[in-house]
There are 2 protein chains.
Amino acid sequence: MDTDDLGKDRVPRKRRKMQRITMADVAKLAKVSPSTVSLYLRKPDAVSPAAGREIARAIDHLGYVPNLVAGGLAAASSRVVSIIVPSIRNAFFAETVSALQAELTSEGLQVLLGHTEYDKEQEEALVRTALSWAPAAIVLTGLSHSRDTRKLLKAGGIPVLEMWELGGDPLDMAVGFLHPRVGASAAEHLLSKRRRNLAFLGARMQEDHRAAQRAEGFEEACRKGQAASWSVINHPGAATVEAGAILLNRSLQQNPQLDGIACSNDWIALGILFECQRLGVAIPDAISVVGFGDLDFSASCIPSLTTIRPSGDLIGKEAARLILSRIRAAAPPLPAIIDTGHVLIERCSS
Amino acid sequence: MDTDDLGKDRVPRKRRKMQRITMADVAKLAKVSPSTVSLYLRKPDAVSPAAGREIARAIDHLGYVPNLVAGGLAAASSRVVSIIVPSIRNAFFAETVSALQAELTSEGLQVLLGHTEYDKEQEEALVRTALSWAPAAIVLTGLSHSRDTRKLLKAGGIPVLEMWELGGDPLDMAVGFLHPRVGASAAEHLLSKRRRNLAFLGARMQEDHRAAQRAEGFEEACRKGQAASWSVINHPGAATVEAGAILLNRSLQQNPQLDGIACSNDWIALGILFECQRLGVAIPDAISVVGFGDLDFSASCIPSLTTIRPSGDLIGKEAARLILSRIRAAAPPLPAIIDTGHVLIERCSS
DNA sequence: TCATTTCATCGTAGCGCTAAGATGCTCGAA
DNA sequence: TTCGAGCATCTTAGCGCTACGATGAAATGA
């Protein structure tokens, strides 16, 4: 049939013809209206069992996949939680993200991930795009953000959760612990082992200000305790096993009396263990070592590592709990702050 | 009559009054039409410099944040790439995701993350939700998926990329390497070191079938080479340092002649290093060890680890490259397959 | 000179869904 | 019989944006 002849009547614009199966198709097949399908999908109990069965059958038959983009637009909020961490390669954040995601996924929420590489401007850009998705919530790492980031988030009216750090002034919710206390615990432990010449060895502390906070807490405890000498040494690169070896050599050079080391994380501690083995320095006889993180290897290495466990997993779980309760209940924005604390695990390296 | 009718029901429905700043607000302030603003945002070169300046100023002044949800709906495709990996805690995938994301973010694409925990049904559920977002592309790990997953993806009409594995029949694009070849390389290397009683120690191989493939390649090479004896031992739990210790003890018990070990990854290898130190077994004199992964610590541990580097980073970069070219060019769906290969790095443990 | 092309800009119809309010329908009470 | 209440279901108006096609002005050609 030649439709061109009838071309004078209003031709519907050619539009990208998504052949996708829509809710209307399901509705037609189930012999109900689209809104009943929508209702069924959101609150199955609100439709009659008979209609529900029909709809379920139609969905199954057609292989219907709801379009969450359209849903998000209509509902002015999407089933997405945006998580922004410094780096997903970092075992700490990988653990937290993993736990958080497991909890959120089971509630039908998706995770939109971003990493800042410890760059505040990058973070701001990520927050901006995250907001473009009208997420159900935004999770950030730490309490320190650029002024514009704070402004964006305050204007956004979206639940915000800051994790892995406490002690400052959270935008909304916060789950984490006090990093200065971690540094202090390490120092106090070393002092209790009659170590008097201490050092805090950290990496990337110019950017990772949580590590810097641990160093500060360490120094503070040294000052208050009976330490004879103490210092903080930073390696500008990433916190790796190699960095640990470099840091150990620098610190021994600086103070041959050194007998107690706290590390900004367990990778560095492991590097120190290896380097001491290489140098013939006995651990813990000559030097006690305390790590941070309680990573996978910390219990199994030689000697096993005394370390401080921050519970990245618990942070993720608690964060998920707060977010879910906020999303469900639309609770008033009372600042919910959860301190997950830290635990010093004494093993053979101290 | 008409006027009566009009008069009485002109009550506009109360609607969630999003106070959000929209493109129309920007357009009004910049004294252009909304579509010009949209055009400017998508193709800045297509509008006149003068109009562009005005629009940019208006955006800045209002603090306008585009609504990507609406954009995605209108354009029938969102600026999101969905990445599904077994576990983000695994350093391999963390590395790849990180690289992939860095590349995609710089092109304005977001990453929607999911993890399957090596469960095919979980993967199917994730693919389903991923499709609900009408993503610009979907990235999966491995070539092996449930039948429904394959069906969903083929029907989706969305670019699909499978990574970290080659050798099978990809759905669309694939970036990875041949795992059997990795196992074979390890075996050949051990044989070249005059090791004759070999073992492949792996973890979670009932689920991680890429590790199982490496084991198969290892056995195949043993069979073809001059190996006197060989075996494959699996630890059902996760691939950790602890698992390495357990596996070493089991394999020594099984074959005290053992003089060459290949591991399904470097964590296990590290566990073997520690356990050998504990048992007083000299590496590489008594036993040669080859790992897989070339992780952070592999060059620095004692002895430094001979290992096979799979280049998770490169996989991520190449994957991003393929996806971007596909999105931009809407190229015909010729299967693009990239082999990133692997490199054996000889160090002191063999 | 007028027709044609080029270019920036505009008007507007959806994209697929949600949610407020409207509409029936059934049932019990008046 | 009438009236509401209670409930399932439907109608409809957007959500904010993109992309198609139209418009009008300037540039070019014959």
Cα pair distances in the stretch B:13-66, grouped into 10 Å bins until the bin that holds the longest one, percent each: 27, 52, 16, 6, 0
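Give the carbon-plus-sulfur fraction of the accessible surface of the stretch B:179-309 in %, rounded to a whole number; probe 1.4 Å, heavy atoms of protein chains only.
On the way: 2180 of 4730 Å².
Roughly 46 percent of what the probe reaches on the stretch B:179-309 is carbon or sulfur.
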Using alpha carbons only: equivalent-ellipsoid semi-axes of the stretch A:35-106, gyration tensor based, whole Å: 35, 14, 11
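Of all the accessible heavy-atom surface of the stretch A:16-66, with the other protein chains kept in place and a 1.4 Å probe, what percent is carbon and sulfur? Display every interim value, and only then the final one.
On the way: 2010 of 3480 Å².
Carbon with sulfur: 58 percent of the solvent-accessible area.
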Most mobile listed residue (A:PRO335, A:PRO66, A:PRO44) in chain A, GNM with C-alpha springs under 10 Å: A:PRO44
Fraction of beta bridges assigned by DSSP in the stretch A:215-350 that are antiparallel (%, nearest 5): 35
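Mean separation of Cα pairs under 8 Å and 6+ residues apart, divided by the residue count of chain B: what relative contact order is that in percent?
Details: 641 pairs, mean separation 50.1, N = 350.
About 14 percent, as a whole number.
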Over 19 Å between alpha carbons, listed pairs A:LYS193/A:LYS224; A:LYS28/B:LYS154; A:LYS154/A:LYS317: A:LYS28/B:LYS154; A:LYS154/A:LYS317
Cβ-vector label at 7 Å, B:GLU207, separations to other copies in nm: 3.2
Pair B:ASP148, A:LYS120: separation of 7 Å Cα→Cβ label points (nm): 4.9
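Run the dipole for chain B about the Cα centre, Lys and Arg Cβ at +1, Asp and Glu Cβ at -1, nothing else charged, and hand back the magnitude in debye, nearest 20. If you can, show how the numbers build up before the last one.
Values: 40 positive and 38 negative charges, 202 e Å.
Approximately 980 debye in magnitude.
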Complex-versus-alone comparison for the stretch A:39-79, residues with a loss of 30 Å² or more in accessible area, probe 1.4 Å: A:VAL65, A:LEU68, A:VAL69, A:LEU73, A:ALA74, A:ALA76
Average other protein chain Cβ within 10 Å of Cβ, residues A:293-300: 5
Counting DSSP beta bridges with both ends in the protein assembly as shown, the antiparallel % (nearest 5): 10
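Just the accessible area per residue of the protein assembly as shown, please: how many Å² with a 1.4 Å probe? Walk me through the numbers before you get to the answer.
Working: 31620 Å² over 700 residues.
In whole numbers, the protein assembly as shown has 45 Å² accessible per residue.
Mean Kyte-Doolittle of at least 0.5 plus a Cα span of 15 Å or more along the axis: flag which DSSP H helices in chain A meet both, please.
Working: long enough: A:49-62 (20 Å, -0.09); A:91-105 (20 Å, 0.79); A:120-132 (18 Å, -0.65); A:179-192 (20 Å, -0.06); A:209-224 (22 Å, -1.41); A:241-254 (20 Å, 0.29); A:266-279 (19 Å, 0.80); A:312-329 (26 Å, 0.24).
Flagged H segments are A:91-105, A:266-279.
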Extension gain, A:SER192 back to A:ASP169 (0.36 nm per residue minus Cα-Cα distance, nm): 5.0 nm
Efficiency of FRET from Cβ geometry, B:SER229 and A:GLN257, R₀ 60 Å, rounded to 0.05: 0.70
Most positive-pole-ward Cα, B:LEU113, B:ILE327, B:LEU273, against dipole of chain B from beta carbon charges: B:ILE327
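Which whole-number percent of Cα pairs in the stretch B:179-309 have a distance greater than 20 Å?
33
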Debye equation applied to the C-alpha atoms of the protein assembly as shown, log10 I(q)/I(0) at 0.06, 0.11 Å⁻¹: -0.42, -1.22
Shielded by partner chains, the stretch A:102-117 residues - at least 50 Å² of accessible area, 1.4 Å probe, vs chain alone: A:GLN110, A:LEU112, A:LEU113, A:HIS115
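Return the average number of partner chain Cβ atoms within 10 angstrom of each residue Cβ along peptide A:198-205. Before the final figure, lay out the partial values.
Values: counts 0, 0, 0, 0, 0, 0, 0, 0.
Partner Cβ neighbours, averaged per residue: 0.
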Charge-dipole axis of chain B as Lys and Arg at +1 and Asp and Glu at -1 on Cβ define it, positive-most pick from B:GLY176, B:LEU248, B:LEU100: B:LEU100
For the stretch A:255-336, the fraction of alpha-carbon pairs in successive 5 Å shells from zero, as %: 3, 13, 20, 15, 10, 7, 7, 7, 7, 5, 3, 2, 0
Chain B: radius of gyration over Cα atoms, expressed as a fraction of 2.2 N^0.38 Å: 1.34
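Can you give the average number of partner chain beta-carbon atoms within 10 Å of each beta-carbon in peptide A:247-253, as a whole number?
Values: counts 0, 0, 0, 0, 0, 0, 0.
For peptide A:247-253, the averaged partner shielding equals 0.
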Label geometry 7 Å along the beta-carbon vector: A:PRO49 inter-copy distances in nm: 7.3
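Quick one: dipole size for the stretch A:179-309, taken about the Cα centre, charges +1 on Lys/Arg Cβ and -1 on Asp/Glu Cβ, in debye to the nearest 20. Intermediate results must be reported in sequence, preceding the final value.
Values: 13 positive and 13 negative charges, 73 e Å.
It works out to roughly 360 debye.
If you take the accessible area of A alone plus B alone and subtract the pair, what total do you get in square angstrom, rounded to 100, with a 1.4 Å probe?
Values: alone 18330 and 18240 Å², together 31620 Å².
Rounded to the nearest hundred, the buried surface is 4900 Å².
Antiparallel versus total DSSP beta bridges in chain B: what percent is that, nearest 5?
On the way: 3 of 39 bridges.
Percent antiparallel among DSSP bridges in chain B is about 10.
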Ascending list, in nanometres, of distances separating the A:GLY225 label from those of the other copies (7 Å, Cα toward Cβ): 5.0
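The values are calculated or read from the model by the stated rules, or taken from the named source; none is laboratory data. Given the structure is predicted, the values throughout are model-derived calculations rather than measurements. Don't worry about glycine lacking a Cβ; one is built from the backbone with ideal geometry, like all the others, and counts go over all protein chains shown. SASA here: full protein model, heavy atoms, side chains in, ligands and nucleic acids out. Shrake-Rupley method; radii C 1.70, N 1.55, O 1.52, S 1.80 Å.
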